[in-house]
Every structure is written in C-alpha cells, then in structure tokens.
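Enquirer: One structure, as structure tokens, below. Some questions next.
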Amino acid sequence: MFEYAVRKLAFGVLVVFAVTVILFAVMQLMPGDPIRLIANPRMTPEKMEQLRHQWGLDQPVYVQYFFWLARFLHGDFGTSIVTGQPVSFLIATRLPYTLALAGLALLLEYALAVPLGLIAAVKQNSALDRGIVFVSTILWSVPTFWLGILLMLLLAVKIPVFPISGYSGPLSIVLPALTLTLPALAGTLRLTRSEVLEAVREPYVLTAYAKGLPSRAVLIRHVLRNALIPVTMMFFLSLPWLLGGSVVVESIFSWPGMGRLLWKSIGVQDLPVVQGIVVIIAVLTVISNVAGDIVAGLLDPRIRLEIEGGER
C-alpha cells in the first residue's frame, strides 16, 4: 500500500509539472499586455520597457518558465505585478477563507446528501423518493451564479438574515456555502441512493434478513458499511471541484478568498498570482486523489488486495 501511495504521488508531481507548462503556454496566448494594464497614461514607452525588463517579460517564454520553476522549487512564487507583494503572502492570506468555505460546503453536502439518499433508497419508488430525486435534479440544473444571486435576494435583501457580501463575521459564510453545497448535493445523493439499492440486493444482505435480524441493524451494519465506500471516496475527490467552483461564488459574494483573487488577477493579467493559485489548486487536487485512493484501499479489502497483488 505504501509503494502504491508513493507511485501515485510521483505521478501527481508529473501532473503538476504538466499543469505549469500548459498554464505558461496559455497565459502567453492571452491578448493584452500586463504592463499596459497597470501603467498610468503618462508613463513613457521607455519606462514601460524598463518595467517589462524588470519583470522578465521581455525574455523568451521558456526562459521565463525555467526562472519561475527554479524559484517555485525554492518556495518562491514570485511577486505580484499589480501590488508588488509576494505571491506567497497573497495566497496565504486568502487560502484560509477558501478552505473554510469549501470545507463547510463539503460537510453540509454530505451531511444532507447521505441521509436523504438513504431515505430515498429505503422508500424506493414512493412519493418521498420521487420528491427527493426531483428536487435534487432541479438543484443540479441551477447555474451557480443564478442560485447565489437568488439566495442573496431572498435571505439578505428581502429577509435580512445574513450579510449580503464580504466577510463581517461567521454568518457571512452561510450564503456562499449554501450556493456551493446545493448544486453539488444532487450528485452525492444519487450516488448514495444507487449504492444502497445495489447493496440491498447482495446475497449477504438477504442472508441477514433471512436470519431474522432487525431491518435497522441490517441497514447500518451491512448495507451502509459497503454502500458508503464509493461515497467516502467521492468525499476526497469533491474538494478540488469545490475549490474550482468557489471562483464564481467568491466573486458573487465578494468573499475574500483565493478564488476571488484568481478572478481579479486574470482580469489584470497578473501572471505570477494566476500561476501560483493554479499550482496550489493542482497540488490540492493531487493530494485529494491520492487520499481518496488510499482510503478506498483501507475501506474495501478487495481494492487493497488488488493493489497489493499489483505491487507484487
């Protein structure tokens, strides 16, 4: 299992490296000039060329990339072109807000989706089952930006329960977290429902019922124990998707997180900040995938035996 985790991490390093190469290539294809975006109207062409040389933007792309990669491997993400602050400082001040938002949304998603999926499976083909699936499908279909604006109008303007935007205390995270949670809830709910329905039909569950065990004991000890293995794996794999989705949500609610910083940096072509944030997201994605695979092996002996057999 240890060797498998090491191989997955090594592959993840290659993925992060590939992301940095593709990111550099894409950023070079973007129209516009970051120096012109931050320059004031009175700045002379000579001064603009001086700034371009100062930031290394007059060098070939491959030279810029290898200089950036060398600094990155030493923990230096560079300096923001717009603010002049270290990128690592900008990310460090915003990352806790993004992780708090994504973490709360993830906990809410599974706290709601797993029980509802279980109820829908137990009450299969009933009105309750159809109602749960119908509502979750609607939430899945709603665009995130529209849902965020709707929640803002209902719970911050019409009924002023929560702050409308920004961060002014613990209540400020409720609306952004709901906006992230509700659309993602449908996928986890449907996965839980289908896995429970599949587990109920397994021979060992039928045997447990035949022995006269109470339905609740069979459901908890036998059905949920096996049905929640893929759901648990998805818990880890959902984190990168929530981090990506937080870009739109943080922009809508002016949440002071990393996603909003990424959106603003793309608008002004602050390349060092964009590169640093995307690399952070790529690293978190790799870690989440490796953690999901390891947890799957620990929970499911069949997966663990397959991994150990492959290692031999």
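Please treat every number below as a calculation from the coordinates, not as lab data. As the structure is a prediction and not an experimental result, all values here were calculated from the model. As a convention, Cβ positions derive from the backbone with ideal geometry for all residues, glycine included, and neighbour counts pool all protein chains shown.
Enquirer: Charges on Cβ only, +1 for Lys and Arg, -1 for Asp and Glu, centred on the Cα centroid of the chain; of GLY297, PRO214, GLY169, which one is farthest towards the dipole's positive end?
Expert: Comparing the listed Cα positions along the dipole, PRO214 ranks first.
Enquirer: Within region 103-121, what residues put their amide N at less than 11 Å from the label point 7 Å along the Cα-to-Cβ vector of SER194?
Expert: Backbone N within reach: none found.
Enquirer: Would you mind working out the magnitude of the charge dipole of region 44-189 relative to its Cα centre, with +1 at each Lys and Arg C-beta and -1 at each Asp and Glu C-beta, to the nearest 20 Debye? It would help to have the intermediate numbers written out before the result.
Expert: Values: 7 positive and 6 negative charges, 71 e Å.
Charge dipole of region 44-189: 340 debye, to the nearest 20.
Enquirer: What full-extension length gain, to one decimal in nm, is calculated for VAL15 and ARG130 as 0.36 nm per residue of separation minus the Cα-Cα distance?
Expert: Values: separation 115, 0.36 × 115 = 41.40 nm, distance 4.12 nm.
Net length gain for the segment: 37.3 nm.
Enquirer: If you fit an axis through the alpha-carbon atoms of helix 301-311 and take the longest principal axis of the Cα set of the chain, what angle between them do you get, 0 to 90°, nearest 10?
Expert: Relative to the chain, helix 301-311 is tipped by roughly 50 degrees.
Enquirer: Sort the following peptides by mean Cβ neighbour count (other Cβ atoms within 10 Å, averaged over residues), highest first: 255-267, 217-229. Please list the in-between numbers first.
Expert: Numbers: 255-267: 21.2, 217-229: 17.7.
Descending packing order for the listed peptides: 255-267, 217-229.
Enquirer: Mind checking the dipole of the chain: about its Cα centre, +1 per Lys or Arg Cβ, -1 per Asp or Glu Cβ, Debye to the nearest 20? Walk me through the intermediate numbers first.
Expert: Numbers: 23 positive and 18 negative charges, 152 e Å.
In total the dipole reaches around 740 debye.
Enquirer: Another question, if that's okay. For the chain, what is the mean residue ellipticity at 222 nm derived from helices alone (per DSSP H run of n ≥ 4: -39500 (n - 2.57); sum divided by total residues; nearest 500 deg cm²/dmol)?
Expert: Values: 14 runs with 233 residues, N = 312.
After summing the helix terms and dividing by the residues of the chain, the value is -25000 deg cm²/dmol.
Enquirer: Tell me the label-point distance for the pair LYS8, SER254, using the 7 Å Cα-to-Cβ offset, in nm and rounded to one decimal.
Expert: Between LYS8 and SER254, the label points sit 4.2 nm apart.
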